Amino acid sequence: MNIPMATVGLSLILALGAAAPAAAAGRSGARSLLAQANTGAVVHGHGTAFRGPRGAAGMHGRRTVADGQGNAATASAGAWRGPHGGAAARAGETNRSADGSWQHQSGFAARDAAGDSISSHGSASGDGQGHASFTRQTHANGSRGSYTGSTTGASGQGLTHTTQLTGASGQSYDGETSISKSGITHTGSCSNAAGQAVSCP
């Protein structure tokens, strides 16, 4: 049985929305718990929000649903704004089934007042029998250049990470590192601003 994450997400949004109006005066929060004695099902949620000096503000909420039969789902999200113009947000959700299998995904993004930014998202899953896999991608961009990284892995197969770096003047680096039972391998190459291959530092 899968518990619809759309229901969890909608409830989370409603919880955050309910907390937001009161946040104008410092900090506020809301919490709820619903349990059904005859089935063992439980629904739990909470949301908090705050507003600080110089425009700082934020809110966060979480919602968990369990059906009493070993299936459960939880989702959370938050967003924050700093006093100097920076901002960040994150969200994640996890599902667990009665057979022991599970799935998770999450991500975040942030930027500062100058426009430099970073974002990342990933997912992971397992079959409840000891086998699992994951993947995550991250990207950053700023006045000094950009970075893109990707990491993937699976039980019994090790993991692989790729990197792409580009400097503010156009020089770049591409690399890949793999880790497995056989050992560690790495390859990398560098290019100048014209795209010509050069020796890496």
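Give the range 62-80 a look and list any residue that's crowded, with 17+ Cβ neighbours inside 10 Å and of a type outside the set (A, V, I, L, M, F, W, C), or say none. Selection gives Arg62, Arg63, Thr64, Asp67, Asn71, Thr74, Ser76, Gly78.
Residues that are aliphatic (A, V, I, L, M), free of Cβ contacts under 8 Å to residues at least 60 places away in the same chain and surrounded by 16 or more Cβ atoms within 10 Å (Cβ to Cβ) do occur in the range 161-168. If you check Ser143, Ser182, Ser155 for being within 18 Å of Ser119 (Cα to Cα), surrounded by fewer than 16 Cβ atoms within 10 Å (Cβ to Cβ) and without any contact (Cβ under 8 Å) to a residue 40 or more places away in the chain, only one passes: Ser143. Within the range 115-149, the set of residues being part of a strand (DSSP E or B), small (Gly, Ala, Ser) and over 19 Å from Ala91 (Cα atoms) comprises Gly126, Ala132, Ser133, Gly142, Gly145, Ser146, Gly149. Of the residues making up the range 131-141, one or more are farther than 30 Å from Asp67 by Cα, at pLDDT 95 or above and touching an Asp or Glu at 6+ places or on another chain (Cβ under 9 Å).
Taken as a whole, the structure places Asn95 among residues that are part of a strand (DSSP E or B), in contact (Cβ under 8 Å) with a residue 60 or more places away in the chain and either surrounded by 15 or more Cβ atoms within 10 Å (Cβ to Cβ) or in the same structural domain as Gly68 (by TED's automatic domain parsing) (or both).
For the range 47-81, residues that are part of a loop (DSSP other than H, G, I, E, B), within 18 Å of His104 (Cα to Cα) and not polar (S, T, N, Q) total 1. Out of all the residues in the range 170-180, is one or more in a loop (DSSP other than H, G, I, E, B), modelled with pLDDT of 95 or more and either on the phi < 0 side of the Ramachandran plot or not small (Gly, Ala, Ser) (or both)? Yes, the range 170-180 contains a residue that is in a loop (DSSP other than H, G, I, E, B), modelled with pLDDT of 95 or more and either on the phi < 0 side of the Ramachandran plot or not small (Gly, Ala, Ser) (or both).
Taken over the range 111-130, the criterion of being modelled with pLDDT of 95 or more, of a type in the set (A, V, I, L, M, F, W, C) and under 30 Å from Ser169 (Cα atoms) is satisfied by Ile118 alone. For Ala79, indicate whether it is within 18 Å of the chain's Cα centre (by Cα) and over 30 Å from Pro201 (Cβ atoms). Spelling it out, Ala79 is indeed within 18 Å of the chain's Cα centre (by Cα) and over 30 Å from Pro201 (Cβ atoms). Of all residues in the range 102-114, which are touching a residue at least 24 places away in the same chain (Cβ under 8 Å) and of a type outside the set (A, V, I, L, M)? Those that are touching a residue at least 24 places away in the same chain (Cβ under 8 Å) and of a type outside the set (A, V, I, L, M): Trp102, Arg111, Asp112.
The values are calculated or read from the model by the stated rules, or taken from the named source; none is laboratory data. Bear in mind that the values here come from a model prediction, so they are computed numbers and not experimental data. Cβ atoms come from the backbone with ideal geometry, glycine included; neighbour counts cover every protein chain shown.
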